[in-house]
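*Asks:* Could you have a look at this structure, given as structure tokens, before my questions?
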Amino acid sequence: MARPSLYALTSIQWNDVVRALNGIKSSGVYDAFTRRHNQAMMAPTLLPGETGTQRNVAHRGPAFLPWHRQGLAELDEEMQRVVPGVRIPYWPWHADGSGWRSARVWTLVGGNGDSRQSYRITTGPFRSWTSVLWSASSGTFYSRAGIKRQFASSGAMPGAPSMAVANYDVSPWSEGSSASQSFRRALENNHNTVHNLVGGDMTSGTSPNDPLFWMHHANVDRLWAVWEERWGAVYQPVSGCAPGHNLDDAMRFLVAAAATPASVLTPPAYL
Amino acid sequence: MKRTRRQFLAAGLAGAGAAAAAALPVAGARSGGSASAAPPPAVDRFVHRGRQIALSHMGDTPLLQVDGRTMPPHVLSSIRVGGQLRYTSHLLPFRDEPDARRLVRELIDGEELDLFRL
């Protein structure tokens, strides 16, 4: 079954997505995804003596796209235990442009946070969720009621990155890679902008607290799939980057211990 | 001889008695320091949302105290990309900032919003 657009779902299909997400939230399965994402964020992934990067297990490096593709597949699998056949839809943020604050997405997932309630969202089917958050000083997670969004007062949603960039990634395989030469880097940049525009919980390492995170990443993955249609299921580097970012390296902090970039290069189907 | 982060914090931040004195770099103040050794860095002190911030550097490495408490390195770090120093935080991982003060203020704002705890 292909992954659908959030904007193409019928109300019945959307209700299935909500039911599945609420099901894995209430069982505690969902929060484990949030914890793993934060753990991946906190794990620097550098070569000995390497500087000039804050690359971690899942970001600022080539494995950014494969790691999140595997995460999406694992989330789908858990959701399908609640509602067979359901998949997390993609939010086509690249089409929302400068009018994103009034885009249809917010009528589905709930809108901006309420400034009188510390930007907690008070509308939509996830308004009663709790969040798992990170304490830097104690190195532990704690919980807080609600999901928070604080829309940026200026800025437009980014467009899709150029599909004409032939390289999946280029040295130095990090945030130092040229966005004009590295498709991964260009797409990760645009992805960062989306996190920061939505604001609130979406800005932190525990950003999966907001289920919009997955719809955002489903669109990131779809854009990668479009690039793969043009250039093939290719990946760089085969070797030479820090562990976890080479073609056949195991990616940490996922459910599947054996997942590698190579194991997820075949793009899923998108509607 | 380079000082370790711990030595630096003990001598330069935690042990600094007078804010006015600490706000200025003092060349050659270290005992046993050679003439070519870098002077102790300045401490940038400011208040944001009532929190007392002390921000200094050891080379490119930022050192942050909030209300006298030293933050772990992942709360504020830096990278040099294309010759430019940019500040990063694992707590706000989707942005880099050329201005350390700005990122520190955003970290304090994030804690105020209870997105995380410093």
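*Asks:* Residues being within 16 Å of residue B:109 (Cα to Cα) and part of a loop (DSSP other than H, G, I, E, B): count how many of those fall in the stretch B:71-89. Spell out how you get there, then give the answer.
*Replies:* In the first step, residues of the stretch B:71-89 are kept if they are within 16 Å of residue B:109 (Cα to Cα); the result is B:71, B:75-76, B:88-89.
Keeping just the survivors that are part of a loop (DSSP other than H, G, I, E, B) gives B:71, B:76, B:89.
Residues that pass the stated criteria total 3.
*Asks:* When the stretch A:45-75 is examined, which residues are found to be more than 26 Å from residue A:143 (Cβ to Cβ), within 13 Å of another protein chain (Cβ to nearest Cβ) and not in a loop (DSSP other than H, G, I, E, B)?
*Replies:* Once the filter is applied, which keeps residues that are more than 26 Å from residue A:143 (Cβ to Cβ), within 13 Å of another protein chain (Cβ to nearest Cβ) and not in a loop (DSSP other than H, G, I, E, B), the stretch A:45-75 yields only A:64.
*Asks:* In the list A:20, A:43, A:8, A:58, which residue meets the criterion of being in contact with a strand residue (DSSP E or B) (Cβ under 6 Å, 6 or more places away or on another chain) and not polar (S, T, N, Q)?
*Replies:* A:43
*Asks:* Looking at the stretch A:156-192 only, could you name the residues that are at the interface with chain B (Cβ under 10 Å from one of its Cβ atoms), surrounded by fewer than 22 Cβ atoms within 10 Å (Cβ to Cβ) and in contact with a Gly (Cβ under 9 Å, 6 or more places away or on another chain)?
*Replies:* A:172, A:176
*Asks:* Kindly indicate whether residue A:195 is outside any loop (DSSP other than H, G, I, E, B), closer than 30 Å to residue A:131 by Cβ, more than 10 Å from chain B (Cβ to nearest Cβ) and of a type outside the set (A, V, I, L, M).
*Replies:* Values: outside any loop (DSSP other than H, G, I, E, B): yes; closer than 30 Å to residue A:131 by Cβ: yes; more than 10 Å from chain B (Cβ to nearest Cβ): no; of a type outside the set (A, V, I, L, M): yes.
No, not satisfied.
*Asks:* Given the options A:178, A:137, A:143, name the one that is part of a loop (DSSP other than H, G, I, E, B) and modelled with pLDDT of 95 or more.
*Replies:* Among A:178, A:137, A:143, only A:178 is part of a loop (DSSP other than H, G, I, E, B) and modelled with pLDDT of 95 or more.
*Asks:* Next question. Which numbered condition trips up residue B:84, out of (1) within 15 Å of residue B:43 (Cα to Cα); (2) more than 10 Å from every other protein chain (Cβ to nearest Cβ); (3) at pLDDT below 95?
*Replies:* So residue B:84 meets the others, but not (1).
*Asks:* Against the conditions (1) assigned to a helix (DSSP H, G or I); (2) hydrophobic (A, V, I, L, M, F, W, C); (3) modelled with pLDDT under 95, where does residue A:1 fall short? Just the number, please.
*Replies:* (1)
*Asks:* Now for a different question. Of all the residues that make up the stretch B:104-113, how many are within 10 Å of chain A (Cβ to nearest Cβ) and part of a helix (DSSP H, G or I)?
*Replies:* Residues in the stretch B:104-113 being within 10 Å of chain A (Cβ to nearest Cβ) and part of a helix (DSSP H, G or I): 6 in total.
*Asks:* I would also like to ask the following. Whether any residue in the stretch B:91-103 is within 11 Å of chain A (Cβ to nearest Cβ) and within 14 Å of the chain's Cα centre (by Cα) is what I want to check.
*Replies:* no
*Asks:* Which condition number in (1) closer than 28 Å to residue A:77 by Cβ; (2) out of contact with any Leu (no Cβ under 7 Å at 6 or more places or on another chain); (3) in contact (Cβ under 8 Å) with a residue 12 or more places away in the chain; (4) assigned to a helix (DSSP H, G or I) is the one that residue A:187 fails?
*Replies:* (2)
*Asks:* Could you please give the count of residues in the stretch B:42-70 that are away from chain A (no Cβ under 14 Å), assigned to a loop (DSSP other than H, G, I, E, B) and surrounded by fewer than 20 Cβ atoms within 10 Å (Cβ to Cβ)?
*Replies:* Here the count works out to 2.
*Asks:* Same structure, new question: May I ask you to say which residue of A:204, A:137, A:143 is at the interface with another protein chain (Cβ under 9 Å from one of its Cβ atoms), closer than 26 Å to residue A:121 by Cα and polar (S, T, N, Q)?
*Replies:* Within the list A:204, A:137, A:143, the selection yields A:204.
*Asks:* Counting just the residues of the stretch A:76-88 that are part of a loop (DSSP other than H, G, I, E, B) and in contact with a helix residue (DSSP H, G or I) (Cβ under 7 Å, 6 or more places away or on another chain), which one comes out surrounded by the most Cβ atoms within 10 Å (Cβ to Cβ)?
*Replies:* Here the residue is A:87.
*Asks:* Moving on to the next point. Looking at the stretch B:70-118 only, could you name the residues that are farther than 25 Å from residue A:35 by Cβ and charged (D, E, K, R)?
*Replies:* Within the stretch B:70-118, B:80, B:86, B:97, B:99, B:101, B:102, B:105 meet the criteria.
*Asks:* Residues that are over 13 Å from the mean Cα position of the chain (by Cα), closer than 30 Å to residue A:245 by Cα and outside any loop (DSSP other than H, G, I, E, B): does the stretch A:89-107 have at least one?
*Replies:* Scanning the stretch A:89-107, I find at least one residue that is over 13 Å from the mean Cα position of the chain (by Cα), closer than 30 Å to residue A:245 by Cα and outside any loop (DSSP other than H, G, I, E, B), so the answer is yes.
*Asks:* Select from the stretch A:216-271 the residues that are surrounded by fewer than 21 Cβ atoms within 10 Å (Cβ to Cβ), hydrophobic (A, V, I, L, M, F, W, C) and more than 18 Å from the chain's Cα centre (by Cα) and list them in ascending order.
*Replies:* Listed by number, the residues that qualify are A:231, A:233, A:234, A:238, A:247, A:250, A:257, A:258, A:262, A:271.
*Asks:* Could you pull out the residue among A:63, A:73, A:103 that is surrounded by 15 or more Cβ atoms within 10 Å (Cβ to Cβ) and closer than 25 Å to residue A:150 by Cβ?
*Replies:* Being surrounded by 15 or more Cβ atoms within 10 Å (Cβ to Cβ) and closer than 25 Å to residue A:150 by Cβ holds for just one of A:63, A:73, A:103, which is A:103.
*Asks:* Residues being outside any helix (DSSP H, G or I) and of a type in the set (S, T, N, Q): count how many of those fall in the stretch A:216-241.
*Replies:* So the answer is 2.
The values are calculated or read from the model by the stated rules, or taken from the named source; none is laboratory data. On a predicted model such as this, the values are computed, not experimentally measured, just so you know. Every residue, glycine as well, gets a Cβ built from its backbone with ideal geometry; the counts of neighbours run over all protein chains shown.
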